[in-house]
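Here it is, the structure in full.
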Amino acid sequence: MAPPVPSLDLFGPAPHLSAAALFGQSSLFGFGIAFSPLHIAVVVLLLLGESPLRRALAFVSGWASANGLAIVALMVVGDNLSLALNHGERGQVIIDLVGAAVLMALGLYQLTPAAAIGEQGMAMRLMSRLPDFSTPMLVLIGAASALLTPENLVFYLKEAGLLLINQPGVSTDLELTGVFVAVASSLLLLPPLAWIATGGGIRVPLSRLEGWMEHHGEWLVGVLALLISAYLIWEGLHGLWLMQGAAPL
């Protein structure tokens with residue numbers, strides 16, 4: 001007798017999540033993007049220069065806009081191409097495992113002496129030499145920084161997949177995307193908000209933070225990349241488990 005064929009339902013969309021679970025997942029994915037030490041350091045450096053609030057907020061606005069547009073674009077592409085992004089689908093498993101491999105390689109490299117801030121200091125030295133760009137250029141730089149960060153792409157795909165599979169409706173889609181964008185921008189907004197709250201009185205603490213980041217930024221990026229990599233490995237392996245027809249863990 002031939003072995004039983006797994007039901008196609010096993011490979012279909014995951015069960016619809018509750019509204020609370022959707023907002024929780026969107027917030028989690030957004031925080032994965034928000035905790036970006038080098039980009040927070042860019043905002044701090046802009047606050048220490050000329051026209052601090054205008055320049056810092058221009059960078060953050062570009063970052064936030066890119067995050068929102070990325071989700072909208074992926075939802076349009078995924079919907080038109082029937083892109084399978086739900087957990088337990090082959091496409092999502094590939095995204096998780098490939099993303100985990102890339103981030104693991106990035107994290108391990110960032111922890112090597114060759115990448116250490118204070119020795120070669122590649123990233124922070126480049127940032128500290130940023131010329132006095134115009135406001136529109138800083139918006140574009142903020143947007144490019146968001147879109148060219150490897151771990152961000154993984155979270156964009158997971159957020160778009162969350163919305164495509166659960167299909168909560170246009171209004172809820174917009175609300176969830178807004179939550180995602182707000183959380184993804186939250187940590188970059190903290191220095192400008194603190195600047196406003198203190199009337200610019202945090203210049204000295206920010207200068208100390210910039211000095212600390214100069215010597216520890218790469219280490220923070222490396223540890224963060226490895227943590228996200230571990231999360232994606234778990235997601236990928238769990239997805240493979242579901243693809244085999246097993247019950248959710």
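The values are calculated or read from the model by the stated rules, or taken from the named source; none is laboratory data. Note that the coordinates shown come from a computational prediction; the quantities given were computed from them, not determined experimentally. Virtual Cβ from ideal backbone geometry, glycine too; neighbours counted across all protein chains shown. The area values use the complete protein model at the heavy-atom level, side chains included, leaving out ligands, DNA and RNA. Shrake-Rupley method; radii C 1.70, N 1.55, O 1.52, S 1.80 Å.
List every residue pair whose Cβ atoms sit under 7 Å apart, with the two residues 6 or more apart in sequence or on different chains, where the first one lies in region 30-44 and is closer than 16 Å to L157 by Cβ and the second, anywhere, is among the acidic types (D, E) and open to solvent by 10 Å² or more (accessible area, probe 1.4 Å).
G32/E151
Next up: What is the one condition in (1) outside any helix (DSSP H, G or I); (2) buried (at least 16 other Cβ atoms within 10 Å of the Cβ) that G200 does not satisfy?
Result: G200 fails condition (2) only.
Per-residue answers, yes or no, for (1) in a helix (DSSP H, G or I); (2) open to solvent by less than 50 Å² (accessible area, probe 1.4 Å); (3) at pLDDT below 80:
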site	(1), (2), (3)
G24	yes, yes, no
H39	yes, yes, no
A70	yes, yes, no
D79	yes, no, yes
L83	no, no, yes
E119	no, no, yes
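What do you reckon, is L157 within 29 Å of L97 (Cα to Cα) and crowded, with 19+ Cβ neighbours inside 10 Å?
yes
So that you can scan it fast, the table gives a plain yes or no per residue for (1) surrounded by 13 or more Cβ atoms within 10 Å (Cβ to Cβ); (2) at pLDDT 85 or above; (3) assigned to a helix (DSSP H, G or I); (4) touching a Phe, Trp or Tyr at 6+ places or on another chain (Cβ under 7 Å):
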{"residue": "L164", "(1), (2), (3), (4)": "yes, no, yes, no"}
{"residue": "D173", "(1), (2), (3), (4)": "yes, yes, yes, no"}
{"residue": "V183", "(1), (2), (3), (4)": "yes, yes, yes, yes"}
{"residue": "L188", "(1), (2), (3), (4)": "yes, yes, yes, yes"}
{"residue": "A194", "(1), (2), (3), (4)": "yes, yes, yes, no"}
{"residue": "P205", "(1), (2), (3), (4)": "yes, no, yes, no"}
{"residue": "G211", "(1), (2), (3), (4)": "no, no, yes, no"}
{"residue": "E214", "(1), (2), (3), (4)": "yes, no, yes, no"}
{"residue": "V221", "(1), (2), (3), (4)": "yes, no, yes, no"}
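Looking at region 135-161, which of its residues are assigned to a helix (DSSP H, G or I) and polar (S, T, N, Q)?
Filtering region 135-161 down to residues assigned to a helix (DSSP H, G or I) leaves 135-147, 150-161.
Listed by number, the residues that qualify are T135, S145, N152.
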